[in-house]
Every structure is written in structure tokens, then in C-alpha cells.
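Remarks on the structure that follows.
What follows draws every value from the coordinates through simple rules; no lab data is involved. Being a predicted model, the structure only gives us computed values, none of them experimental. All Cβ positions, even for glycine, are placed from backbone atoms using ideal geometry, and neighbour counts span all protein chains on display.
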Amino acid sequence: MAVPIVCKQHDNHSQQEQQKSAMVPEKEVVEYRPGLLILYSDGSFERLSDLDVPACADFENSPNGVATRDVIIDGAQPGVWARIFLPRAALSLGRKSLPVVLHFHGGGFCIGSPSSAHIHRTCSRMANKSSCIWISLHYHLAPEHPLPAAYDDAFSALLWLRTQASLVLAQEREPTVHRLNDDAASKMKADPWLSEYADFSSCFLSGDSAGGTIVHFLAARASGENLRPLQMKGMLLMHPAFPQEAPRSSMELSNVKVGFFHRSALPPGAPFGHPLMNPLHPESPIDLSQLTLPPALVAGASNDPLLPGDVAYFQALRRAGHEAQFFESQGMGHCFHTRYDESSPAFAGSINALEGAMVSFIQRNRIVRSDARRRVSADARRSAELRTQLVIKERVLRNPIQMQSRCPGSVETATKAIHTDLHFFFSIKGSSALAYSPGL
């Protein structure tokens, strides 16, 4: 018969663990957001899976008709990747016809991913509505990677997109020759979807909440960069996070949640309104008036506690001479458009209105700015032609005998023709018309 041996060491160890656990108070849940995060009383947190959606490159099998594919961002830090959203419209619009939108998700710099259900759904919907290629970036999250890590990743993604545009250009001219100076970039391959459908002359930056903050700091950093052949046509900042002071609590943003995001994303002890998050801080090293920024659409919501910062940023852009417009959703909260609710007609209507403004902004800045360049060029040519004609007619008008021999008709007829040309000459929009005086 076996006699059990009592292990006193094990008993002592168990007693020590019990005493230790009794001394440490249990952490309590101070905030729980389904699909987002759990915050505990000791400052720790858990990221929760938001029903991650896998990429699907097949139009037919995708529930929303948008093909998606995940790609590694070459040249960025390990772990940075993006999801490309290709709308079905690409099949009918043809090659190189879709604008490209580089998008940054929200989540207080701490949570979220392009595969998160609400982010995937929002980008898919916008790709369909705008007939654009949306590229949603997975950047490093705080507190493991505090700011400016997210800004660095965003800049790497922008350079990657520039390289993609250069690769396509090199392929069109001579596929066997790389025209990139960077050895690492010269080894990259052009993405098949981007090389086939992307219009790199019409690119936009987009971001929700913290993603909107990323958009600003990325555009500011890219202000002095040569992005050719990439052409930035605009930036969309949806409810950007530019907190100037601790905001009031709301249904979407509690004080606990905002405090957690702030402590996690910024340096220890940094006050609200820190220059790393608020470009309007008096100590900010960035002067808006010295930047070259594309046109901006700044969107806010009346019930968003971050609305004052959105308005202040929009006004600062205008004062600095930048082209900007503001769109406010009445009765809505922070980033409401990422929580689509078809059961509420009012809610769905507000989302459609906001996203309609985004689509209009993209279409207007993509087409009008290109047309404006062509119009100015045509006006310049017409202006030069008119100046030549006016000089000839001026000389003829000064010598009636010579005019009669070269231009049959009366002096009055010739003079009327000259006045008609003058009226058209000075009415040309955007032309640098010189003052004309018959006495010269």
C-alpha cells in the first residue's frame, strides 16, 4: 500500500501565494467597450477583437462587392501593413482611372486595425461611394509605441505610395529599367491593383478621430517633400482629435477613456493640448502659414466633445491662407459614421450626408483642379495670340493708308474688331493681362 508523501514546501508556497493575492487588491473594470477595449482600475487594458474581417480579393464573394487585399508596406518598420479596398467600379471605369485615398483609422492611437469590422465596413462603403481605391494603414499602436510612432509609419506609407507611382511610371516607359535612386525601393514590385487602376495624379489623405490627427501631421511633414509623380489633391479630417483641454464626457468619449488615450499616446505627464497632438499649441514647432497643404475638408459633430478643437483647427487653416471647408453633423456624436445603423433613418441620413460631402470634396478637387490647370494653359495661349494680334492691329490703325491696303473695309469696322478683342482679352480668368493703351 502506497503511503502518500506530504510536500511541506508545496504547502508553504501555496500559503505564500494566497497571502500575496490577499494583499494585492483585485483590479476592477472601470470601462468596457464591446469590441474595443477593457480598462482596469490599475491602468492596464485589454484590446478586444472587433470581429476581424478577413481580406477577400474576389468581387463575387465579398459581401459588399469590394475586393480587398492585405499588403506589406515596404520600407516601413516591421509590422506595418495596409488593406487595399478596390471597388467594383474599377472594372467599368478602366485603367488608371481611380483616385487613391490613403486612410488612417481612429482609436485614440491605441486600438483598431484595417481588419476591424467597423473600419473595414467604413472603408468598403467609401470605396463604393467614391469610386476610389482606399488604402487603410495598420500603424503601430500606443502605449507600446507612443507618438510619434504612428506619424512615422504614416510617412513611410506615403513614401511607399510614391514609390508605387514611380514603379508604374517606369514600367510604362521601359519595364526593364528602374528609375528609382533608392536601392531598396528599386527592388520593390508594383502592386498589381495599383498599377492597373490607380490614378496617382489624384491622391487624398483621410482619417477618423486620431486618424484625422495623423492626416494633419503627415501633410505637414510632407509639405517640404518632393512626392512626384504622386500628386496630393486634398485631405479629409473626420472628427480629428485636436484636444486643447480635457473635453467633457459624452456617450462615445468618457473622461476615463480620453484620459487613457492621452496617457498612452503622449509622453509621461504631458498636458492636454501637447504639440504632438495639437498643432495649435503655442509651443508647436509647426507654423501653419509656412506649410504647403492641399485643400482640406474638416468634419465635426455637434455632440462631439472634441468639436471645439475641430473648429479651431479649421479657422486656423483659413487664417493661414489654406483652402478649407467645414462640415458639421447636427445631433451626432464622435465618429458616428463608423457605426452604421440602418435601423435609424435619421442616423443613416446623417451618415449619407457626411459621406456625400466627402465624395463631393474628392470629385471637386480631383476634376476642377485638373481642369483649372488646362484652362489656365489654354487662356495663356489665347492671351499670347491676342497680344500678337493687337500689336499688329495697333500698327495698322496708326497708318490708315496701310490699313486700307492690307485690310479692306472702313476704319470703324477695324476699330470695332479691335475693341471686341480687347474686351475678350481683359475678361480671361487667371490670365496675367497687361494694361493696353492705344497711345503706346
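Placing +1 on the Cβ of every Lys and Arg and -1 on the Cβ of every Asp and Glu, with no other charges, gives region 47-340 a dipole of roughly 380 debye about its Cα centre. The calculated P(r) of region 232-370, using every Cα pair and 5 Å bins from 0, goes 2, 10, 17, 20, 19, 16, 11, 5, 2, 0 in percent.
For the residues Phe347, Phe261, what sequence is obtained by ranking on other C-beta atoms within 10 Å, fewest first? Display every interim value, and only then the final one.
Working: Phe347 17, Phe261 24.
The order, fewest Cβ neighbours first, is Phe347, Phe261.
Once you order the gyration tensor axes a ≥ b ≥ c over the Cα atoms, which shape class does region 101-160 get: rounded for a/c under 1.5, otherwise prolate or oblate by comparing a/b with b/c? Judged from the Cα gyration tensor, region 101-160 comes out oblate (a/c at least 1.5, b/c at or above a/b).
As a proxy for reagent exposure, ranking Met332, Met277 by other Cβ atoms within 10 Å from fewest up yields Met332, Met277. Each of Ala150, Gln231, Pro63 was scored by the projection of its Cα onto the charge dipole of region 47-340, and the greatest displacement toward the positive side belongs to Pro63; charges sit on the C-beta of Lys, Arg, Asp and Glu. For region 270-314, the gyration tensor built on C-alpha atoms gives an oblate shape. Its axis ratio a/c (a ≥ b ≥ c) is at least 1.5, and a/b is not larger than b/c.
Beta bridges per DSSP, both residues in region 47-340: antiparallel share near 30 percent.
Computed over the Cα atoms of region 47-340, what is the convex hull's projected area averaged over all directions, in nm²? It would help to have the intermediate numbers written out before the result.
Numbers: hull surface 61.2 nm².
Reported value for the Cα convex hull: 15.3 nm².
Note on Arg228, Arg121: ascending count of other Cβ atoms within 10 Å places them as Arg228, Arg121, the fewest first. Protection proxy ranking for 93-101, 110-118, using the average of other Cβ atoms within 10 Å per residue and placing the highest first: 110-118, 93-101. Our note on the geometry: Cα centres of region 295-343 and region 98-153, 18 Å apart. Per-peptide packing, taken as the mean over residues of other Cβ atoms within 10 Å, places 248-258, 74-84 in the sequence 74-84, 248-258 from highest down. Over region 47-340, what relative contact order in percent results from Cα pairs under 8 Å that are six or more residues apart? About 17 percent, as a whole number. Across region 254-259, coupling constants 3J(HN,Hα) worked out from phi with the 6.51/-1.76/1.60 Karplus curve, θ = phi - 60°, read 7, 4, 5, 5, 4, x Hz, and Gly and Pro carry x. Database remark: amide H of Ala57 closer than 5 angstrom to the amide H of Thr68 (H placed geometrically; neighbours at sequence offset of 5 or more, or on other chains; Pro and chain starts carry no H).
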